[in-house]
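Heads up, the thing below is written out as structure tokens.
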Amino acid sequence: MTNHWIDYQHSDVTMAIGGNTAENHPISMKWITKSIENGGQLITVDPRYNRTAAVSHLYAPLRPGTNIAFLGGLINYCLENELYHEEYVVNYTNASYLINPDFDFDEGLFTGAEELPDGQVNYDTDTWTYQMDDEGNPLKDETLQDPQCVFQLMKNHYSRYTVEQVSAITGTPEDKFREVADLYCSTGEPGKAGNILYAMGITQFTHGAQGVRCIAILQLLLGNMGIAGGGVNAQRGQSNVQGATDMAMLYHIIPGYMPLPHEETHPTLEAYNETTPGGYWENRPKFLVSLLKAFWGEHATPENDFAYDYMPKLDIERSHIAFYKYMGEGEVKGMFCFADNPAVGGPTAARKREYQNQLDWAIVSDCFEIETAAWWKEPGVNPEDIDTEVFLLPACLHFEKEGSTSNSGRWIQWRNKAQEPPGDCKSDGWMVDKIFKAVRELYEEEGGAFPEAIIHMNWDYGEELDFERVALEINGYEVDTGNQLSSFGELEDDGSTACGNWVYVGYYIDPDNPHCKRRTTETEGIGLHPEFSFSWPANRRIVYNRASCDPEGNPWNPDLALVEWDGNDWVTHDVPDFNATVPPEDTRNNPFIMLGEGQARYFASGLADGPFPEHYEPWESPVQNAMGNVQFNPVSTIWYPDDRGDAADFPYVCTSYRMTEHYQGGGMTRNMPWLNETMPEMFVEISPSLAAEIGVENGDEVEVSSHRNSIVCKVAVTPRIKPMSINGEEKEIVGMFFHWGFMGLSTGPSANDLSPSIGDANTTIPEYKAFLCNIRRVG
């Protein structure tokens, strides 16, 4: 999130798209309700009329997989009707920058497309660049009239997204779309605040990253970034997903959102540092060297490039889809799985369970015996045919261990242990500590292919793991004195500082009273609560807050000022996200300090599939792409070419989502009797019209099938789901829950047995939310 939960109370208009905040993020609704009490309005955009829609002022349906068409239509509506915040756009974004005259877009492809053997493309991005003057500075036209300026290119690109076209693609009625556009774009008025909330219904597509970019572009046009009540706000699916991401649980990053070195492009520390971006990221060498010192301590020296060679390098893609494919092909021989249930939660989950047969060993840590640990117990599977040695390590629940969590709003809060775990259950940290020490002892005694990286690891957390010692290392310290660091501005690239995560510096300064344990609430103010926990970076509650003022330092909304210039000094109510020691004229062009330009990007060359988001159909779709000749994201990796279903055989659009009573893959909740009583079995939701078409009534058993598999469960016939008019034809939607599997007290088929193993072009997140299926009555 750019903002935080409590800040939602200041939104004049909140739009929830791709998420069901009332059911899945109830704390957010507390503050959205507060905004409504203050006169704010709530918009819900979703394929079904969910419980968030039920309390909204305005609801708009849309077909799964068409978020970019919908958001692109809002961008076009904003531009065509001049509803954007012009002073913000001119001063705080790259709208005025002139783009290479050879850049173009034609029929679904940007310039530089190079066709690959599988029909997909790879982009040469040489034309996705700024025009530069002789001194290397971008050329600009601050009148925004030059046809090669970003503003005009963007306006031209999205002029195709007319209300009529958007309605035909998304199924959103034209009048409903205009209502949404009028209401949300009203927040472009200076002093107003619009807030966009999103969740997996934006990201779990082959164009998910560009969907988030679309949200950012709209917010930047309306001047909603960096202000109280505004922002781009991800509704995280678990209480510590943010913290897990911060600490690099994704395959392609290391702590603090630095890219994992690649063996081809980053063979040396010098090569890695040569790719350092501009803006505040120019300090990345300091962040990396401090991380290496935290990892390898005295063995990380200037002479050995601070043990950079010890750092694992990415060779090929190692995403979830990729590594399971390599597992099935016999390359991956062993698997650690902590607090995850890919045998239920992964795409094409039945195939994942089959691939696990190829493993020599699997170690699973969980509170219950989940499907990933017990795939050999699946009905119809003969365990004698499986040679894998399986270890199930009994784990604690979250309230049975201590440590920090980082919520969606970036607030890091220390959570104390509430009770002792039962039996032999241990924390994941305890397990990792014991495993690492045993592995290191083996390397010391027996050697190995590359023992130094293990033997020299700086693993100094006590004989029994002390979580506070881990926290002190993450916070960062001076190597010579051991003194804790208070700011990431203190990090150095000479080996004098060590830090486990640069964005967390300051969260655990004083071991006796660390900031993440603070619980002091403010008695006056706008709900920033700076003495409650610690918000990264630097305890800043709203990022990019220089943009909350005009170029002269006057707040757009004086009642919700984050920072303001009083004529002599900056008055700061939040930690400033800029140099507050200089006057406004020295900061007016640098509100987005992480970027080399200092200004936000509508046109961004860093994504694999284009500098502007463009609508493509999902991998499986019942219609042709109305926006161009390219059917689906041309850059997404096709892992399984024969895996694609056809609308002739699978005519309905399937999507998946969650319910209040069960959680994620169901490993915990399906073992809770009282939750099973409230929601005892798997079912799918369809409209009354589809029920009539296939001849079923509420509670009947149905078979739902995709190109990959089929499952049998009960059907709920509900008006919450309705057919949509797509290009003049009615298309039905089938909604499924993904919480069930064959283990636990409540068993049932997994919806993800049907979903495809294809992912986003940038992140490889699977396309769970839109694929084709068929449905028929059983018997």
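Look through A449, A538 and report the one residue that is modelled with pLDDT under 95, small (G, A, S) and either out of contact with any Gly (no Cβ under 9 Å at 6 or more places or on another chain) or part of a loop (DSSP other than H, G, I, E, B) (or both). The conditions single out A449. Write out, first by first residue and then by second, each pair whose Cβ atoms fall under 6 Å of each other, whose residues are 6+ apart or on separate chains, and whose first residue, in the range 704-715, is in a loop (DSSP other than H, G, I, E, B) while the second is of a type in the set (V, I, T). From residues that are in a loop (DSSP other than H, G, I, E, B), the pairs are R708/T348. Just one of the listed residues (E329, E384) is open to solvent by 30 Å² or more (accessible area, probe 1.4 Å), free of Cβ contacts under 8 Å to residues at least 40 places away in the same chain and either touching a Leu at 6+ places or on another chain (Cβ under 6 Å) or under 29 Å from P451 (Cα atoms) (or both), and it is E329. Just checking, does the range 566-574 include any residue being modelled with pLDDT of 95 or more and buried (at least 21 other Cβ atoms within 10 Å of the Cβ)? Scanning the range 566-574 turns up at least one residue that is modelled with pLDDT of 95 or more and buried (at least 21 other Cβ atoms within 10 Å of the Cβ).
Quick one: T405 ticks every box in (1) surrounded by fewer than 17 Cβ atoms within 10 Å (Cβ to Cβ); (2) farther than 24 Å from P749 by Cα except a single one, so which number is it? Failing condition for T405: (1). Given (1) acidic (D, E); (2) under 30 Å from L183 (Cβ atoms); (3) at pLDDT below 95, where does E107 come up short, assuming only one miss? Going through the list (1) acidic (D, E); (2) under 30 Å from L183 (Cβ atoms); (3) at pLDDT below 95, E107 breaks only (2). Number of residues in the range 99-132 that are outside any loop (DSSP other than H, G, I, E, B) and either farther than 15 Å from H157 by Cα or open to solvent by 30 Å² or more (accessible area, probe 1.4 Å) (or both) equals 11. Of all residues in the range 362-372 being open to solvent by less than 10 Å² (accessible area, probe 1.4 Å) and within 27 Å of the chain's Cα centre (by Cα), which is farthest from P673 (Cα to Cα)? Applying the filter and picking the extreme gives V364. Only one of the listed residues (I316, I321, I253) is buried (at least 21 other Cβ atoms within 10 Å of the Cβ), within 23 Å of S757 (Cα to Cα) and not aromatic (F, W, Y). That residue is I321.
Of all the listed residues (S636, S725, S689), the sole one being in a strand (DSSP E or B), of a type in the set (S, T, N, Q) and at pLDDT 95 or above is S725.
Condition check for V715 on (1) surrounded by 16 or more Cβ atoms within 10 Å (Cβ to Cβ); (2) closer than 22 Å to T21 by Cα: one failure, at (2).
All conditions but one from (1) open to solvent by 70 Å² or more (accessible area, probe 1.4 Å); (2) closer than 23 Å to G403 by Cβ; (3) among the acidic types (D, E) apply to E468; the one that does not is (1). Scan the helices (runs of 4 or more DSSP H) fully inside the range 277-359 and keep the ones with 3 or more residues being over 18 Å from W376 (Cβ atoms). Ranges flagged: 284-296, 320-328. Give the residue that is least open to solvent (accessible area, probe 1.4 Å), with candidates limited to residues of the range 298-313 that are closer than 15 Å to A271 by Cβ and not aromatic (F, W, Y). Among those residues, the one meeting the criterion is M311.
The values are calculated or read from the model by the stated rules, or taken from the named source; none is laboratory data. Computed from a prediction, not measured in an experiment: that's the story for all the values here. For neighbour counting, all protein chains shown are included, and Cβ atoms are generated from backbone atoms with ideal geometry for every residue, glycine included. Ligands, DNA and RNA are stripped out before the accessible areas are found, and what is left, the full protein with its side chains, is counted by its heavy atoms. Shrake-Rupley method; radii C 1.70, N 1.55, O 1.52, S 1.80 Å.
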